[in-house]
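> My structure is below; once you've seen it, I'll send some questions.
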Amino acid sequence: MLNIIIYITLGFMFVGIFFSALRFVLGPTAADRTVALDTLTTIAMALLVLLSFISNRFIYIDIALVYGVLGFIGVLVIARYLEGAL
Amino acid sequence: MNDILTIIGMVLMLIGGIFLFLGGLGIFRMPDTYNRLQAGTKATTLGGMSVILSVGLIEPGWFVKTLVLVIFIALSNPISSHALARANYRRKNYPFLKGGPEYDQYRQVFEDKKEKKEQVKEEETA
């Protein structure tokens, strides 16, 4: 039962990643691409935690935390740059 | 006890997967940058939080660390969305409103502030 739920969740997440990546490639302005990057970061964090549960390795949760912090700082820096304050 | 936690975790995981999918779909289908921000940030916050919390519930030894991740997402995602919306507004990408630009009440404040700043600058140089 748990395996089936995990497969369904992974399928949903991959479709979401596909649409976000499509917007990341197509996006008309830089702000659209940054929004897509933010969404991709959060989905990838959830994916890393799910991966740590599947492969039963505790250390991947730390990797998800570091990835989230770096993505957050990156989005903030890009936003400040778009604003013209950097 | 463990079985109940596992069932709650499975339900949360499914809900989180659906919300992550909806976030991706919204970011692809929405017509405007602000709408994309709305769909892409809020749905993804709920989805990511529930998937991470579900792993913490199924594997109770990891609960504290997943709680740290959930709190981090709850703190960081609104801040980045706010910064992005502000940056997009300051680049003069105004939102499309059906009633016309006079319904955008922040725009008046924004332009008044800008005029005041320019006046102060001119006075300083003069």
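The values are calculated or read from the model by the stated rules, or taken from the named source; none is laboratory data. Since this is a predicted model, take the numbers as computed values, not measurements. Ideal geometry is used to build each Cβ from the backbone, glycine not excepted, and the neighbour counts take in all protein chains shown.
For (1) more than 8 Å from chain A (Cβ to nearest Cβ); (2) part of a helix (DSSP H, G or I); (3) surrounded by 19 or more Cβ atoms within 10 Å (Cβ to Cβ), each residue gets a yes or a no:
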residue	(1), (2), (3)
B:L12	yes, yes, yes
B:G23	no, yes, yes
B:R36	no, yes, yes
B:T41	no, yes, yes
B:V51	no, yes, yes
B:V64	yes, yes, no
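> Further question: Is it the case that A:R33 is under 19 Å from B:T44 (Cα atoms) and of a type in the set (D, E, K, R)?
Answer is yes for this residue.
> Out of region A:26-77, which residues are of a type in the set (S, T, Y) and either within 19 Å of B:I79 (Cβ to Cβ) or in contact (Cβ under 8 Å) with a residue 60 or more places away in the chain (or both)?
A:T34, A:T39, A:T41, A:T42, A:Y67, listed by residue number.
> Take A:T29 and tell me if it is surrounded by 15 or more Cβ atoms within 10 Å (Cβ to Cβ) and closer than 28 Å to B:R91 by Cα.
Criteria not met by A:T29.
> A follow-up question, please. Spot the failing condition for A:F58; the list is (1) more than 24 Å from B:Q38 (Cβ to Cβ); (2) facing chain B (nearest Cβ under 9 Å); (3) at pLDDT 90 or above, and only one is missed.
Going through the list (1) more than 24 Å from B:Q38 (Cβ to Cβ); (2) facing chain B (nearest Cβ under 9 Å); (3) at pLDDT 90 or above, A:F58 breaks only (3).
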